[in-house]
Each structure stands twice: as C-alpha cells, then as structure tokens.
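To keep things clear, I will list the structure first and then write my remarks on it.
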Amino acid sequence: MDKFEYKVLVLQIKWAGLFSFSRHWFDAEKNLGSELNSELLAPYGQEGWEVAATMQAEGGKTHKIILKRRCDSK
C-alpha cells in the first residue's frame, strides 16, 4: 500500500489600511517570504514534494497549497 506525507504552505494576507497589505508564505512557522515563484518551489520538488491541492479560506485572506510525497513503506 502506498503511503504519503503531507505539508501545507499558507499565504497569509494582513491588511494595514484601505489599500495597503502585506503577504507572506509560511511552511509551518517558517516564513518563506512574500513571493511564490520557482525559486521557492524548486527545493520542494527536489525533495519529492508535489502539489496535491490548493484552497482559499477566510474570504480570500488565506491561501493554501497542499503538498504530498510518497513515504517509504515499512
């Protein structure tokens, strides 16, 4: 039976005013920065992670990318 492990990348958007906001991607508690690009995602791919799903929550304030990779069967 195939076994998988999962990881969730979260984009948090915080409004500081009517037209001002900050956004940061997080891997658990680790701040990955404000831009999602190939430089950010490439290391995950090299470690065997692939995108399993994406989702938006809290009225668009939070976005999530769910990654998965195959585990060694024991």
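The values are calculated or read from the model by the stated rules, or taken from the named source; none is laboratory data. For clarity, every value in this text was computed on a predicted model and none was experimentally measured. Reconstructed Cβ throughout: ideal geometry from the backbone, glycine too, with neighbour counts over all protein chains shown.
A quick yes/no check of all residues on (1) in contact with a Gly (Cβ under 8 Å, 6 or more places away or on another chain); (2) in a helix (DSSP H, G or I); (3) without any contact (Cβ under 8 Å) to a residue 40 or more places away in the chain:
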| residue | (1), (2), (3) |
| --- | --- |
| Leu32 | no, no, yes |
| Gly48 | no, no, yes |
| Val51 | no, no, yes |
| Gly59 | no, yes, yes |
| Ile65 | no, no, no |
| Arg70 | yes, no, no |
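How many residues are part of a loop (DSSP other than H, G, I, E, B) and not small (Gly, Ala, Ser) if we restrict to the stretch 18-30?
Number satisfying all stated conditions: 3.
Within the stretch 35-74, if we keep just the residues that are farther than 30 Å from Met1 by Cα and surrounded by 12 or more Cβ atoms within 10 Å (Cβ to Cβ), the residue that is modelled with the highest pLDDT turns out to be His63. Within the bounds of the stretch 5-26, is there any residue that is modelled with pLDDT of 90 or more and of a type in the set (Ser, Thr, Tyr)? Yes: one or more hits.
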